[in-house]
Every structure is written in structure tokens, then in C-alpha cells.
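Structure in C-alpha cells, see below.
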Amino acid sequence: MKKKPYDYSGFSLSRLNEPRFSHIKLLGGWIFYFAMYFITENLIPPEKCHPIHCALDDLIPFNEFFVIFYVGWYLLVFGSLAYTLFYDPPKFRKLQTFIIITQVIAMTCYIVYPSRQDLRPAVFERDNILTALVAFIYSFDTNTGVCPSLHVGYSLGILSVALKDRELGKGRKALLSFFVLMICLSVCFIKQHSALDVFWALPMCFVAECLVYGRDYWLPRIEKRKAGS
């Protein structure tokens with residue numbers, strides 16, 4: 001059954017503190033993120049950043065095909081937030097809180113331990129629309145502030161919300177899981193991140209998962225399992 005849009009009739013900024021509309025305030029987390037992004041990108045020079053590299057990075061070839069999934073991430077994040085905001089505010093609250101936690105952790109890491117990656121190819125072996133898109137991404141997204149990867153963090157947060165949704169079919173969950181996996185791989189294949197950035201995103205997401213879902217999702221299941229043993 002198709003969900004009905006959430007009723008935002010009567011909304012105004014003066015009513016943001018009302019329970020009915022209070023979840024909208026979580027969008028303010030993006031103000032913090034973009035402010036911190038500006039600071040880390042402009043006030044921490046690349047030469048002050050620690051290079052992130054591991055042996056696995058040398059085994060992963062550059063492949064511009066993965067830019068399709070990398071760019072698809074932007075649509076996934078925007079679409080997930082917009083859909084839950086307008087159709088399922090409780091899930092929006094969970095998702096946006098998860099995202100805020102990953103933003104705070106990642107930005108703290110970028111400031112305390114500034115990072116960069118030096119993996120980008122100097123010259124593309126092929127000249128096509130996909131390499132042109134990668135070059136465009138390189139032009140505005142610097143190679144600093146990379147560990148842990150927020151591309152991975154946001155994606156796993158979206159997947160976490162989706163997998164807990166009983167109304168979402170197994171087919172859609174499987175498709176989303178595949179898409180998130182490809183996004184996580186894409187950051188390495190287009191040389192935007194080291195494999196270490198992906199790895200360190202996992203404990204970041206684990207913290208977010210525990211804080212967002214620990215009490216009302218995982219703890220009841222643990223207690224139920226103990227009671228049944």
C-alpha cells in the first residue's frame with residue numbers, strides 16, 4: 001500500500017519546537033557539516049595532512065565506470081532524506097541522527113588527524129565522458145579530509161534504516177545492498193579514497209548504529225534472545 005505524505009499543513013518556523021515538526025530541526029546538522037567542511041578544506045593545508053595508503057590501494061586499478069555509483073550516492077542521500085522527511089518522519093529522525101553522528105566523528109578526525117590521499121592518476125588512460133566526470137569531481141572535491149569516508153558512512157546509514165523497514169520488500173533491500181556495496185567500492189576505484197578510509201568508516205558507523213538503534217532495536221532483541229535461551 002502506498003504511503004501517504006506526512007501532513008505538514010500549518011507548518012511555520014515558529015512551530016519547530018512542536019513534536020509534530022521538531023524532526024525538521026535535524027536538518028540543521030548540515031549547516032554544521034558545511035561549516036566544518038569549509039574550515040577543514042581551507043584552513044588545513046595539504047602539506048599538514050597525513051597520507052593515507054595501504055598495500056591494497058596498489059592492487060585496485062583506476063576504473064572510471066565506478067563514477068556512476070559514486071555520483072549515484074548524491075541521489076541516494078538526497079532521495080532517502082527527502083522521502084523519509086515527507087513520508088516517514090520517524091525514519092527521517094533515525095537516518096538524519098545517524099548522519100549527524102558520522103559527520104561529527106569524521107570532522108573530528110579530519111581536524112585531530114588531518115588526512116589526504118595521493119592516489120589520483122596524473123593522466124587518464126582513456127578519454128571519455130566518465131573520465132571527464134571524474135576530472136570534474138576532482139576539480140571541486142580535494143584529496144584532503146578523507147579518513148574515515150563519509151561516502152561510506154552515509155551509505156551504511158541509509159542501508160541500516162532500509163534493512164530495518166518491515167514494509168520494504170526483500171528484493172528492494174537486496175538491490176539497495178548491492179548499490180551501497182558498489183558505492184563503497186567506487187570510492188577506491190575512482191581513487192577518491194584509500195581502502196583504509198573505507199575500513200575506518202566501519203567503526204564510525206558502528207558507533208552511530210549503537211547510539212541511534214541500541215536501545216529501541218538491538219537491546220530488545222538481545223534481551224529476547226537471552227530470555228529464550
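Once the whole set of protein chains is in place, how much accessible area is left on Arg93, using a 1.4 Å probe, in Å² to the nearest 10?
100 Å²
Shifting gears a bit: Taking 0.36 nm per residue of separation and subtracting the Cα-Cα distance, what length does fully extending Asn63 through Asn42 add?
4.7 nm
Please identify, among Leu181, Leu85, Leu13, the residue showing maximal mean-square fluctuation in a Gaussian network model of the chain using a 10 angstrom Cα cutoff.
Leu13
Test of the criteria: in the stretch 1-89, which trypsin sites (Lys or Arg not before Pro) are in a DSSP loop and have at most 10 other Cβ atoms within 10 angstrom of their Cβ?
Passing sites in the stretch 1-89 are Lys2, Lys3.
Continuing with the same structure: For semi-axes √(5λ) of the Cα gyration tensor in Å, pick the label among (1) 83, 14, 10; (2) 28, 21, 16; (3) 32, 21, 19 that corresponds to the value derived from the coordinates.
Answer label, from the structure shown: (3).
Shifting gears a bit: Name the residue, out of Ala201, Ala162, Ala174, whose mean-square fluctuation peaks in a Gaussian network model built on the chain with Cα pairs under 10 Å.
Judging by the Gaussian network model, the answer is Ala174.
Would you mind getting me the FRET efficiency between Lys226 and Ser22? Use the beta-carbon distance for r and R0 = 35 Å, nearest 0.05.
0.55
Any chance you could list P(r) for the stretch 92-202, counting all Cα-Cα pairs in 5 angstrom bins from zero, rounded to whole %?
Distribution as computed: 2, 11, 18, 19, 18, 14, 10, 5, 2, 0 percent.
In what sequence, highest mean first, do 150-156, 62-68, 138-144, 114-120 appear when ranked by Cβ atoms within 10 angstrom?
150-156, 114-120, 62-68, 138-144
Hey, another quick one. Taking a 32 Å limit on the Cα-Cα distance, which of the listed pairs Lys94/Lys226; Lys170/Lys226; Lys94/Lys170; Lys48/Lys164; Lys91/Lys226 fall beyond it?
Lys48/Lys164
Could I ask something else about it? Give the distance, in whole Å, between the Cα centre of the stretch 145-173 and the Cα centre of the stretch 181-199.
With the stretch 145-173 and the stretch 181-199 each reduced to a Cα centre, they are spaced 15 Å.
Suppose each label sits 7 Å from its Cα in the direction of the beta carbon; what would the Asp118-Asp216 distance come out to in nanometres?
Between Asp118 and Asp216, the label points sit 4.8 nm apart.
To the nearest 500 deg cm²/dmol, what mean residue ellipticity at 222 nm is calculated for the chain from DSSP H runs of n ≥ 4 alone, each contributing -39,500 (n - 2.57), summed and divided by the residues?
Counting only the DSSP helices, I get -20000 deg cm²/dmol.
Along the Cα-to-Cβ line of Thr142, 7 Å from the Cα, sits a label point; which residues in the stretch 181-199 have backbone N less than 20 Å from it?
191-194, 197
Shifting gears a bit: Gaussian network model of the chain, Cα springs within a sub-10 Å range: biggest mean-square fluctuation belongs to which of Lys94, Lys191, Lys164?
Lys164
Here's a follow-up. The stretch 12-63 to the stretch 95-130: how many Å between their Cα centroids?
Distance between centres, Cα-based: 9 Å.
The values are calculated or read from the model by the stated rules, or taken from the named source; none is laboratory data. Source: prediction; values computed, not measured. Because the Cβ atoms are built from the backbone with ideal geometry, glycine has one as well, and the counts that use them run over all protein chains shown. These accessible areas exclude ligands, DNA and RNA; they are computed on the full protein's heavy atoms, side chains included. Shrake-Rupley method; radii C 1.70, N 1.55, O 1.52, S 1.80 Å.
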